[in-house]
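Below is one structure, written out as structure tokens; comments come after it.
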Amino acid sequence: QSLRWFQRLAQIAERGKLDLVFFADTLVFKESSNIAELARFEPMTLLSAVSTATERIGLIATASTTYYEPFNLARLLASLDHISGGRAGWNVVTSSYPHAALQFGKEKHLERSLRYEMAQEFVDVVKGLWDSWDEDAFYYDKTRHEFYDPAKLHELNHQGKYYSVKGPLNIKRPPQGYPVFIQASASDDGLEL
């Protein structure tokens, strides 16, 4: 599948007045994988490119709280939200395939309840990073060589059980404030998240 194929798919969905396109993601290849799992673009990059061929449709990507870092993901999603004009969304997952750990230099996959506990803190940190800047923090005054109001900058200074993130995020607040969150799990942990 090519980029153009995905762009056309999103254009068809947009013309059909669907609310969003959702690109799932997995981090592992298994012998039982189908071609869609093998020939898969990284979703944030793909959706950034798809956003240039669409105007209104929401753009949702899967990203794992187990194998991303909060700062990195907050920045990726904020960038996608800006590039798309406020259409980004995040399918929050903790990654269920044990082999994913081996892709990231880990000996074993974290136990399910620990992954969900970490995910809750991860989501809180990401939201805190998106709150780094007030919506009107940037004003770009060329004559005074100033581009933001320091009073509208908020360092996160998060020191939690699993994550330590100073902040601020180095991109302004996403147009939506918080990009849309989705989560497909029917488990108690998933519903709580």
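The values are calculated or read from the model by the stated rules, or taken from the named source; none is laboratory data. Keep in mind the model is a prediction, meaning the values are calculated, not measured. FYI the Cβ positions are ideal-geometry reconstructions off the backbone, even for glycines, and counts take in every protein chain you see. The protein model used for the area step is the full one, side chains on, heavy atoms only, and it has no ligands, DNA or RNA in it. Shrake-Rupley method; radii C 1.70, N 1.55, O 1.52, S 1.80 Å.
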All but one of (1) open to solvent by less than 50 Å² (accessible area, probe 1.4 Å); (2) within 23 Å of GLU69 (Cα to Cα) hold for SER187; state the number of the condition that does not hold. (2)
Can you tell me which residue among SER84, SER64, SER95 is crowded, with 20+ Cβ neighbours inside 10 Å and at positive phi? SER95
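Results for (1) surrounded by fewer than 16 Cβ atoms within 10 Å (Cβ to Cβ); (2) closer than 16 Å to ASP81 by Cβ; (3) at pLDDT 90 or above; (4) among the basic types (Lys, Arg), shown as yes or no for each residue.
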site: SER132; (1), (2), (3), (4): no, yes, yes, no
site: TYR140; (1), (2), (3), (4): yes, no, no, no
site: ALA151; (1), (2), (3), (4): yes, no, yes, no
site: GLN159; (1), (2), (3), (4): yes, no, yes, no
site: TYR162; (1), (2), (3), (4): yes, no, yes, no
site: GLY167; (1), (2), (3), (4): no, no, yes, no
site: ARG173; (1), (2), (3), (4): no, yes, yes, yes
site: PHE181; (1), (2), (3), (4): yes, yes, yes, no
Residues that are closer than 27 Å to GLN159 by Cα: find the helices (runs of 4 or more DSSP H) completely inside region 37-143 holding 1 or more of those. 70-83, 112-130
Could you tell me whether GLU14 is open to solvent by 10 Å² or more (accessible area, probe 1.4 Å) and at pLDDT below 95? no
Members of region 39-64 found to be of a type in the set (Asp, Glu) and either touching a Ser or Thr at 6+ places or on another chain (Cβ under 9 Å) or closer than 26 Å to THR94 by Cβ (or both), listed by number: GLU42
Can you tell me which residue is nearest to VAL125 (Cα to Cα) among those in region 158-193 that are of a type in the set (Asp, Glu) and out of contact with any helix residue (DSSP H, G or I) (no Cβ under 6 Å at 6 or more places or on another chain)? GLU192
Show the residue pairs meeting these rules: Cβ distance below 8 Å; 6+ apart or different chains; first residue within region 59-74 and in contact (Cβ under 8 Å) with a residue 60 or more places away in the chain; second residue of a type in the set (Gly, Ala, Ser) and open to solvent by less than 10 Å² (accessible area, probe 1.4 Å). ILE60/ALA88; ILE60/GLY89
